[in-house]
Structures are given as C-alpha cells and as structure tokens.
1. Of the residues 80, 138, which single one is out of contact with any Phe, Trp or Tyr (no Cβ under 9 Å at 6 or more places or on another chain), farther than 19 Å from residue 199 by Cβ and either open to solvent by 20 Å² or more (accessible area, probe 1.4 Å) or at pLDDT below 95 (or both)?
2. Only one of 62, 132 is among the small types (Gly, Ala, Ser), surrounded by fewer than 21 Cβ atoms within 10 Å (Cβ to Cβ) and either under 21 Å from the mean Cα position of the chain (by Cα) or modelled with pLDDT of 95 or more (or both). Can you tell me which?
3. Return the residues of the stretch 206-217 that are assigned to a helix (DSSP H, G or I) and more than 10 Å from the chain's Cα centre (by Cα); say none if nothing qualifies.
4. Taking residue 144, is it of a type in the set (A, V, I, L, M) and either touching a Gly at 6+ places or on another chain (Cβ under 7 Å) or within 30 Å of residue 460 (Cα to Cα) (or both)?
5. Please specify each residue of the stretch 78-98 satisfying the condition of being part of a loop (DSSP other than H, G, I, E, B), over 14 Å from residue 152 (Cα atoms) and within 30 Å of the chain's Cα centre (by Cα).
6. Please pick out the residue among 346, 375 that is in contact (Cβ under 8 Å) with a residue 40 or more places away in the chain, closer than 18 Å to residue 438 by Cβ, open to solvent by less than 10 Å² (accessible area, probe 1.4 Å) and touching a Ser or Thr at 6+ places or on another chain (Cβ under 6 Å).
7. Provide a single number: the residues in the stretch 193-205 that are assigned to a helix (DSSP H, G or I), crowded, with 24+ Cβ neighbours inside 10 Å and of a type outside the set (S, T, N, Q).
8. Going through 105, 119, 183, 112 one at a time, which residue ends up being assigned to a loop (DSSP other than H, G, I, E, B), over 23 Å from residue 72 (Cα atoms), open to solvent by less than 10 Å² (accessible area, probe 1.4 Å) and not small (Gly, Ala, Ser)?
Amino acid sequence: MPSAEDTSVHQEPSVVPPTRQDEIAAAGSELIGGPAGRWARFGSGPLTPVRVIALVAIGMFALGMVQKLPCYNWAWFRGTSSQYTHACYSDIPHLFVGRGFADGLVPYVDRLGGDMAYLEYPVLTGLFMQIASWLTLTPSSDSVQQREQMYWMVNAGMLMICAVIIAVCVARTHRRRPWDALLIALAPALALTATINWDLLAVALTAAAMLMWSRGRNLAFGVLIGLATAAKLYPVLLLGPLLVLCWRAGKWREYGSALLGAAAAWLAVNLPVMLYAPEGWKKFYTFSRERQIDYGSFWLIITQRTGRSIDVSTVNTASVLLMILLCAAIAGLALTARHRPRFAQLAFLVVAAFILTNKVYSPQYVLWLIPLAALARPRWRDFLVWQACEVMYFLGIWFYLAYTTSGDKHQGLPQEGYQVAIALHLLGTLYLCAVIVRDILRPEHDPVRRDGSDDPSGGVLDSAPDRTALLQGHLNPARYTAPAVEGPRVEWGKADRAVSD
C-alpha cells in the first residue's frame, strides 16, 4: 500500500512530510495509505505537491458550487427566505441586476437607481465584475433568471482560478513545506464562502504578493499589494507589520521599494477613475464610513443585548482606536520578542485585529485569513478548530436571516442563537491569534521553526541579523535552532532548491 506522500509525487528530500510532524495529518493520511515511512522513496511522477494541491483546490471549489445548486436552480429567484434556509446565498446574481450590469451601465460612471447611487466596490473589483458581465454571453432577450445564472457561473469560473492561484502561491511560499497549502485546498469555509462575493480576487493578489516577498522580489510584492488594495482595503494592512520587521532588521531600502511599488500600483488603477468619475470612485469609501453596525460584529451583540443603538460615527471612532491599540500591541510584540517574528505571523494578527474590531463581518471575510493562517500556524488541529467555528457562523447568519425573513413561521435561528454564532466566530479567531502569539514568544512551538528555519516567507528578513530591538540582548541574536529533522538542512536564499512543480 503506498504512503500518503508517496503517490507518485516528486519531492526533494528537504521537503517536510506533514504526516511526520502533525498527528491530525497522520491520522487523515490513513485514507490514502498512511504516513510516509522512514525509508520511503519519493517517485518522479507528474503529481508534484503543487499539482496535487491545485487539483484538490479545484475539487473542493466544485463541491462549494454544488452546495449552491438549490439557489442556482430556484431559491435566488423565488422569495427571500429560501436562499437562507438552504444556506446558499450569493451577492453575485443579485448585483448583476442591482448594480446595472444587466442593463449595460458603466461602473462608477453611470448613476444607479434605488438606494445605492454608484457601485460600492473598489475599482479593481468593479473591473472584475465588469469583465464577468462581458463574458456573460446570454442575449438580452433571455430571461433575467437565465442571465443571472450565467453571470454567477462566469464569476465562479474566474473565482476558481483565483482559488487555485492562492493555493499554489502558498504552496511555493514556504519551499520546504508545500503540503501546508492543503489547509487552504481543504478548508471548508473556503468552499462554502468562495462564491458569495468577489473577495478571492484580493486574496489571490495578496497570496501572490507574499510569494514575491519570500523570493526577495520586493518591488513585485509592493505592486501586487497595491493591486490587492485596489480590489479590497485589507491588504494594505500587511505593510504595517512589514515596516516593524524591516525596522528591526534594518531593511529600509527593501521596505521603501515595496512601499513605492504599492503606492504606484494603487494609483495607476485608481487615478483614472478618480479623475473621470470622482463621485462614483469615492462611493466605496463613503459607504464604508456611513455603513451602520451590521452582521457578525461584537458591536451588534452589544446593541442587541442592550437594546440601544450606537451612533455610526461613535462606532467608527471606537473601531479605529481599538485597531490602533491592537496594532501598537502587535508592534510591541514584534520589537520585544527574543526572536524576530515571522512575517506571516504578524500579517495574520494584524488582519485578524481588523476583522475583530470592525463593525461588520460578512461570512466571506474568512477568506482573508485562510492563506495567512496556513502560513502562520500550519497545524491541522488549530486550523480545524478555527474552521469549525467559522462554519458554525456561516450557518448561523443564514439561519438567522431565514428567521427574520420568514414572517410568522420563524423558520431558522432566533436572535440569541445568532449571538452565540457570532461569539463562536470571535472566539475561534482569538484562539488562533493566541497560539500564534505563543509561537512568537516560544519559537519551539512554531511548526515552521522546528527544523531550524527562521522565516521562509520573510524574503530579505530570513536569517537577517537584528539591527534594532526594544530590549537589550536582542541585537544580532543567534538563529533559533531546534532539534534536527531527517533530511538535509537548507539555507534559504543561498541556493535555489525549490520543490519541483
């Protein structure tokens, strides 16, 4: 019987087999032959780790599309409650008509009817939506339902490409640990939320940026982060932890190159729309500022439990202050930890802080954290605990909306049950943050550093000596060492020993 990692998969000896380090991975591998043995030989067949991960990602994405079939066939088009009771809601078909794509309106330029004057998405996401409408080749004489179905299908195909890009980029970011990307490919929350909205575009650009930084291509990292920020706001947050790490390592030139690339790319995308259609361009920013407390946030629990509304300006100010405090704490952790944290660890903590303090948490926001979690804490137990909480929240929000839209039938989850679902989401995210902070303070618990690696996703930061630290004794620390594992030691950046793909 072949082993879990010996299914004609070409690997170099330096690749870390997950079944030898993770008991959950070892147990799961019993389905395909069990963990790799001590004397296992890895073949040279076509199924390399990256290709296997890409195929698994496609398969899981397809299962997510199957989960949407009740809505695709009828629930999106017959009343409101059915799409919630089947937990298959998506913004995509509704906004095809609601944002003027069905009528051929130009985003940001043409004014919309109803309560939304212009498209409320960043420019690059608007372009993605527009391209999908051009590829929706059904004639205008077809029914609106058929055109919405085709628009969702076209978007699903484009988003599947984004999902594969994410998985492949993460597989290549930590060269010795390509199998960690299976966390993404098999993530249930990704399959369930991938086609709710267009977030995967920004996530794919961010994952590609992380890959570029890990390879020392600092300008390319900046350009991709700028493009990702033009698709969704959160990727710009990664420049914060990178600033702190480059400060500690004295890599100012490299950070400046990344920052310049990000600013130039963001301006290149936004400036034409900003100048030609300023009212439409700023709609995303005014909508974000004016949006009331919404689903998924701890602010909603407060208002529901107290029965008192909170002014949106007060919430905006409080959220910003909380975010600043958390970022200051993360920066303090990065500058005082005995061993400089890994880039992916701080990136996860900053984005998680943004999610936890925000006034809204849409279920697809989990996509922002999934690739960062796979890089920051590649441990199946912790990842699955967090994913279970997110799946419960995914079900909770739809069943709560079913309850509120089903009239006197009250089919679904009442308000108190939805508050429990929000609490699970918050606790699951905090749990993953806690174990990452522990890994930073005690690197012997970090799965990535157990073989003596420093920061495989850190690029120029990997194994770089410290130049600045807040506590004495941190300058030029010895590289963290751990008990050796089987296989030759790899010195990253000195020779290209990437896994074949």
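The values are calculated or read from the model by the stated rules, or taken from the named source; none is laboratory data. What you see is a predicted model, and the numbers here were worked out from it, not measured in a lab. Here the Cβ positions follow ideal geometry from the backbone for every residue, glycine too, while neighbour counts run over all protein chains shown. Keep in mind that these areas ignore ligands, DNA and RNA; they rest on the heavy atoms of the full protein, side chains included. Shrake-Rupley method; radii C 1.70, N 1.55, O 1.52, S 1.80 Å.
1. 80
2. Numbers: 132 fails: surrounded by fewer than 21 Cβ atoms within 10 Å (Cβ to Cβ).
Unique residue meeting the criteria: 62.
3. Initially, the stretch 206-217 is screened for residues assigned to a helix (DSSP H, G or I), giving 206-214.
Residues satisfying the conditions are 208, 209, 210, 211, 212, 213, 214.
4. When the stated conditions are applied, residue 144 does not pass them.
5. 80, 81, 86, 87
6. Going through 346, 375 in turn, the sole match is 375.
7. If we filter the stretch 193-205 for residues that are assigned to a helix (DSSP H, G or I), which is where we start, we get 193, 199-205.
Next cut, crowded, with 24+ Cβ neighbours inside 10 Å only: 193, 200-205.
Within this subset, residues satisfying the condition of being of a type outside the set (S, T, N, Q) are 200-205.
Adding up the residues that qualify gives 6.
8. On the way: 105 fails: open to solvent by less than 10 Å² (accessible area, probe 1.4 Å); 183 fails: assigned to a loop (DSSP other than H, G, I, E, B); 112 fails: open to solvent by less than 10 Å² (accessible area, probe 1.4 Å).
Result of the check over 105, 119, 183, 112: 119.
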